[in-house]
Amino acid sequence: MDEGREEARVEARLRRLERQVAWQRRTGVLLLTAGITLFAVMAAGPPALLRGAAQDAPAAEDQVLRARGLIIVDEEGRERILIGAPIPDAENRVRTDIVRVEDIWGPRFPRAYIDEYYPTYRHRMHGMLVLDENGFDRIAVGDSVPDPNIGQRIGPASGLLINDGEGFERSGYGLLDVDGVYRVVLGLDGDDGREGVVLSLHDGGPRGLTISGDASIFLGAAPESTYVARGEAFSGLLMETEAGVAHRLKIEE
């Protein structure tokens, strides 16, 4: 039993050393890159600066750092923040590791989810993505943001997403382009993956608050051509169940 505990302690030390080495390697590469970049910027500076001539203020272009991407790691060396246009790939990210996707999310969905649907989802983005320590997407800010891990969006979206601890979208605010028509949406999703509360405005379409559950409640306005109005321009309160319209309170002009 003592030998087993000693082997466990040795393995734990080896894992800590491996993480430290990985962190030091990444830090060294980052510092080397920064040094080379700084040298190149100084060497390419204005001739007057190289001659030692005084300048009142540096040119605006001399204050800009250009990069394709940046990965921030935590104290354990795990990738936690991805910044880029598009964001760089990360070994720790679940979304882009099909083996982990199949193992973690696959049991919840039909086999076609892995074989047919998931490969079509958008995982990349331009902006910033925050991962948790397990590699799940938690916060995304950018244009356009990734698709939910349960399906494709109806159009590209620019905005903010917040996911739960298993990588499922729970809230978001964004501007969607649906076949050239904009929709501004603030959504709160339930643990069943469906939208629970939505505040939305569709250009030329419905605008209002929708609450979904055993019954659906819509408070707002909708032109006659939309699914909410059902052939008649509507402003007011609409309540529906699986059996159909349960209550309709229309504000008369």
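Things to note:
- Residue tally, condition out of contact with any Leu (no Cβ under 9 Å at 6 or more places or on another chain) and either loosely packed, with under 14 Cβ neighbours inside 10 Å or closer than 27 Å to residue 151 by Cα (or both), over the stretch 77-94: 3
- When the stretch 167-182 is filtered for residues that are touching an Asp or Glu at 6+ places or on another chain (Cβ under 6 Å) and among the hydroxyl-bearing types (Ser, Thr, Tyr), only 182 remains.
- Test for residue 80: is it assigned to a loop (DSSP other than H, G, I, E, B), at pLDDT 95 or above, among the basic types (Lys, Arg) and within 18 Å of the chain's Cα centre (by Cα): no
- Count of residues meeting criterion [outside any loop (DSSP other than H, G, I, E, B) and either among the aliphatic types (A, V, I, L, M) or at pLDDT below 95 (or both)] in the stretch 121-157: 9
- Elements of type strands (runs of 3 or more DSSP E) contained in the stretch 173-249, each with 1 or more residues being outside the structural domain of residue 144 (by TED's automatic domain parsing) and modelled with pLDDT under 90: 195-202, 216-222, 234-241
- The number of residues in the stretch 230-250 that are in contact (Cβ under 8 Å) with a residue 24 or more places away in the chain and closer than 19 Å to residue 207 by Cα comes to 2.
The values are calculated or read from the model by the stated rules, or taken from the named source; none is laboratory data. Since the model is a prediction, treat every value here as computed from it, not as a measurement. As a convention, Cβ positions derive from the backbone with ideal geometry for all residues, glycine included, and neighbour counts pool all protein chains shown.
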